[in-house]
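Worksheet: the structure to be examined is printed underneath.
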Amino acid sequence: IIDSVSYNGAELTSIDLRFEQHCEGGAPALHGEIHWDAADTTSPPGPVLPPPANLWEPAVGATPDAGNYVYLESEPGDYVGQGGNFLYTEADSVVTVSAPQSGLSISVTGNESWSGDFKGMHALGRLEVGYYGDLGRYPFHNPVKGGLNWFGEGRGCNTVRGWFVVDRVAYDGETLAAIDLRFEQRCEGSSASLHGEIHWDAEDTTVPPGPVVPPPGLWEPAPGVTPASGNYIYFESQPGDFIGSGGTYLYTQANSQIITIAGGAGLRMSIRGDDFWSGFLQGMNSLSRFEVGYYGDLERYPFHNPAKGGLSWFGRARGCNTLSGWFVVDSVTYDGDTLIAIDFRFEQHCEGQEPALHGAIHWDAADTTSPPGPVVPPPPGLWEPAPGTTPATGNYVYLESEPGDYIGAGGTYLYTQADSVLTTSLSEVGVNMAVTGDERWVGSFDRMYSLSRMEVGYYGDMRRPANPAKGGLGWGGEGRGCNNLTGWYVVDSVTYVGETLTAFDIRFEQHCEGATPTLHGKIHWDASDTSSPPGPVVPPPAGLWEPAPGATPATGNYVYLESQPGDYIGAGGTYLYTSANAQIVPSLTGAEFSVSVSGNQSWGGFFQGMNTLSRLELGYYGDLLRHPFHNPAKGGLDWGGEGRGCNTLTGWFVVDNVSYVGQTLTAIDLRFEQHCEGRTPALRGEIHWSQ
């Protein structure tokens with residue numbers, strides 16, 4: 001009921017309204033009355049002055065006499081502070097303050113990370129001195145009263161009750177210049193409190209101290225375990241250390257690729273060798289670049305205390321969730337702001353455990369050492385195909401797999417451009433080879449990163465993942481690949497015209513997952529070989545299936561299917577579809593003919609010619625696999641329907657008649673036979689269609 005209402009033009013200026021509502025058809029009612037007048041300028045009271053007596057304050061001596069600080073005091077049972085006491089200053093932490101309208105936001109990044117929000121009444125333009133009480137959790141608070149919320153270390157309140165007091169606040173114009181604030185919050189209605197005090201003044205320019213003189217007795221590598229010259233990274237892992245697994249590792253630029261990225265007081269190093277490692281060093285946030293000295297009490301980068309710095313070294317697919325440690329910069333050199341040399345040592349402990357990973361790194365940008373190239377001539381006695389197993393001319397890929405080899409499954413395979421598609425490509429690090437034939441294979445042969453292109457010679461000690469200082473190798477296919485491998489390859493010849501690769505001969509050997517059985521292979525490729533698969537056989541071989549006389553109409557379009565008992569697709573039935581009892585829709589795209597039949601049953605078929613054809617031609621297309629997973633050098637087919645299809649198939653089709661007007665198909669007669677999943681029963685069919 002609107003008891004009264006007034007407007008100034010179209011604008012509401014006052015209203016008195018009563019209402020009643022019933023939820024879900026129930027009898028109990030909610031009643032209400034609203035009185036509102038735009039002339040009422042009443043606003044919430046500001047903070048209480050003076051604050052109530054006996055509010056919490058830190059004990060004498062608990063906080064510093066000078067300098068910015070954040071002090072937290074948590075009672076037992078308080079979820080957020082976990083019953084601890086915490087003190088942060090700008091000498092040991094990063095304290096960040098901002099003052100949005102009538103509020104204060106603060107973050108602390110130290111050995112722990114915290115954030116707090118304090119919001120005054122919505123009527124205030126900025127915080128004022130006084131007591132803000134009966135507060136809920138910001139930002140879900142009552143804006144007439146204000147709100148607060150302190151959280152961190154992955155812990156926060158769903159609901160909050162509490163208060164805060166601004167004991168002192170100063171602004172420079174609209175910019176916060178200084179504040180003293182105390183607070184109390186309780187989570188989820190608990191009686192246990194988290195108390196805190198914040199003292200912040202923009203004039204406090206305290207910064208964390210830099211590195212110190214290294215304490216005596218810190219770890220150093222034993223004499224002789226590191227090279228006398230050249231860049232190196234040396235790791236020494238104690239038994240029980242998760243990262244290094246108790247091993248000792250030495251990497252130089254002769255056996256690994258060492259990558260260094262430096263910026264400010266941060267350094268990232270990566271090792272790509274027989275193992276892969278990455279490391280991060282970060283100095284105090286007060287430093288613009290590294291200085292000589294000891295950086296201690298460190299946590300895992302990038303979740304470290306920025307006032308102290310951070311550290312993290314991980315590799316071999318292992319890393320720390322949490323860590324503690326130190327590093328020492330023994331020497332460092334810059335050219336302007338560019339790091340050009342550094343020597344440092346470190347120690348890290350994973351997950352609070354005692355066993356350590358130690359390391360010593362020497363790096364100088366002037367070290368131009370690089371890995372040696374391939375061995376010339378190759379070692380004697382390496383595998384070669386037996387005489388007569390490979391063609392005398394033309395491009396080919398030959399594979400010879402020993403029994404027990406997972407990739408080649410113990411088979412021997414030969415692919416040429418007459419029966420397969422052989423594709424080469426250059427990557428940034430080597431040569432790739434792809435075979436698309438009755439089987440599908442891919443191979444990669446990576447050179448040393450120090451080479452600008454593939455060179456003749458022996459590339460040994462191949463592994464996966466590849467060591468870029470040695471090169472890489474990988475052969476897989478048919479759904480099979482190695483997670484880890486060892487092996488070698490030999491470039492017997494390689495030819496370039498300018499920078500363009502035009503020919504190569506490669507032999508290789510690989511072992512999967514440390515197994516003894518071997519996959520061997522040889523590739524001969526020359527860009528001048530333009531041989532291609534033959535077209536369909538004309539005339540087709542004698543004795544191929546044809547429908548019995550009278551089984552198909554003498555005139556008109558039709559699709560005839562004849563399924564032998566045990567054939568999964570046709571279920572042993574015979575089917576005849578004509579334009580009088582079904583919709584027959586043909587389509588031709590390039591050398592792919594497809595047809596769909598919609599009648600009492602629904603069927604669809606694909607017939608693909610060789611990849612060398614621009615359209616289907618007369619003749620026999622044999623030794624076919626399932627389209628579209630067929631050998632493109634031979635073609636493919638697939639007939640399915642009624643919810644049934646082959647996973648794999650073999651078969652043939654014959655184009656007995658075909659005609660075109662330009663590129664448009666105008667008529668076709670086609671027979672086919674397919675066998676599903678390697679079984680003997682066949683599905684046979686004949687298609688007659690004319691425009």
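Computed quantities for the displayed model
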item	result
Stretch gain in nm, segment A386-A10, where the contour uses 0.36 nm per residue and the Cα spacing is subtracted	125.5 nm
Cross-link partners of K470 among aspartates and glutamates (Cα-Cα below 16 Å; sequence separation of 8 or more within a chain)	D274, D275, E428, D446, E455, D461, E509
Cα radius of gyration and Dmax for the stretch 548-627 (Å)	14.2, 37
Residue-normalised accessible area of the chain, given per residue in Å² at a 1.4 Å probe	47 Å²
Residue-by-residue Karplus 3J(HN,Hα) for the stretch 365-379, coefficients 6.51, -1.76, 1.60, Hz, glycine and proline x	4, 7, 6, 9, 4, 9, x, x, x, x, 7, 10, x, x, x
Spatial separation of Cα centroids for the stretch 261-294 and the stretch 321-390, in angstrom	14 Å
Leading residue at positive end of dipole, the chain (Cβ point charges), from T648, P47, C157	T648
A254 versus Y294: modelled label distance in nm, points set 7 Å from Cα along the beta carbon direction	3.5 nm
Pairs of alpha carbons in the stretch 553-691 whose separation is greater than 20 Å (percent)	41 percent
For q = 0.14, 0.21 Å⁻¹, Debye-computed log10 I/I(0) when each Cα of the stretch 234-353 counts as one equal scatterer	-0.58, -1.29
Per-residue HN-Hα couplings for the stretch 327-337 [Karplus 6.51, -1.76, 1.60; θ = phi - 60°; Hz; x = Gly/Pro]	9, 10, 8, 7, 7, 7, 9, 10, 10, x, 9
Cut-off 18 Å, label 7 Å out along Cα→Cβ of A515, residues of the stretch 457-485 by amide N	463-465, 474-485
Per-pair calculated FRET efficiency, R0 = 22 Å: A317 and I261 via Cβ, rounded to 0.05	0.55
Cβ charges +1 (Lys, Arg) and -1 (Asp, Glu), total dipole of the stretch 1-56, debye	240 debye
Distance between modelled label sites at F276 and T206, nm, 7 Å Cα→Cβ extension	4.4 nm
Distant-in-sequence amide H partners of R318 (H built 1.01 Å from N, under 5 Å)	none
Spin-label proximity, S493 to the stretch 511-552 - amide N less than 19 Å from point 7 Å beyond Cα toward beta carbon	521-531
D40-D172 FRET efficiency (beta carbon distance; Förster radius 30 Å; 0.05 resolution)	0.25
Reduced Cα scattering model of the stretch 385-541, Debye log10 I(q)/I(0), q = 0.14, 0.18 Å⁻¹	-0.69, -1.12
Net dipole in debye of the chain [+1 Lys, Arg Cβ; -1 Asp, Glu Cβ; about Cα centre; nearest 20]	1720 debye
Stretch gain in nm, segment A123-E478, where the contour uses 0.36 nm per residue and the Cα spacing is subtracted	120.6 nm
Percent of alpha-carbon pairs separated by more than 19 Å within the stretch 148-268	75 percent
Cβ-based charge dipole, the chain, positive-most Cα from Q564, W363, W639	Q564
Overall Cα dimensions of the stretch 1-114, principal axis frame, Å, largest first	64, 40, 30
Dipole of the chain [Lys/Arg +1, Asp/Glu -1 at C-beta], most positive-end residue of W383, V328, V144	W383
Those GluC sites (Glu not before Pro) in the stretch 21-116 that DSSP places in a loop and that have at most 14 other beta carbons within 10 Å	E24
Qualifying lysines (Cα of each under 21 Å from Cα of K119; at least 8 residues distant if same chain)	K145
Fraction of accessible area attributable to carbon and sulfur, the chain (%, probe 1.4 Å)	51 percent
Relative contact order [Cα under 8 Å, 6+ residues apart], the chain, whole percent	6 percent
Simple label model, 7 Å out from Cα along Cβ direction - A409 to N647, nm	1.2 nm
Where a label projected 7 Å from the Cα of E57 along Cα→Cβ would reach, residues of the stretch 177-199 with amide N under 14 Å	180-183, 197-198
Using a Förster distance of 30 Å, the FRET efficiency for E220-T96 (Cβ separation, nearest 0.05)	0.20
Residue-span extension gain [V213 to R18] - 0.36 nm each, minus C-alpha spacing	62.4 nm
Sequence ranges 682-690, 181-189, ranked by mean other-Cβ count within 10 angstrom, highest first	682-690, 181-189
Amide proton proximity set for T502, modelled H, under 5 Å, gap of 5+	T495, Y496, V497
Cα centroid of the stretch 99-149 to Cα centroid of the stretch 5-71, whole Å	15 Å
Average Cα contact separation per residue, the stretch 152-232, under 8 Å, 6 or more apart, as relative contact order %	21 percent
Amide H contacts of H627 (H built 1.01 Å from N, under 5 Å, at least 5 apart or other chain)	L637, D638
Stokes-Einstein translational diffusion, the chain - Kirkwood Rh over all Cα pairs, 1.306 mPa s, 10 °C, in µm²/s	47 µm²/s
Using θ = phi - 60° and Karplus 6.51 cos²θ - 1.76 cosθ + 1.60, couplings along the stretch 147-163 (whole Hz; Gly, Pro as x)	x, 8, 6, 10, 8, x, 6, x, 10, x, 8, 6, 10, 9, 10, x, 8
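The values are calculated or read from the model by the stated rules, or taken from the named source; none is laboratory data. Note that the structure is predicted; figures quoted are calculated from it, not measured. Counting neighbours? That spans all protein chains shown, and the Cβs are built from the backbone with ideal geometry, glycine included. For accessibility, only protein heavy atoms count, side chains too; no ligands or nucleic acids. Shrake-Rupley method; radii C 1.70, N 1.55, O 1.52, S 1.80 Å.
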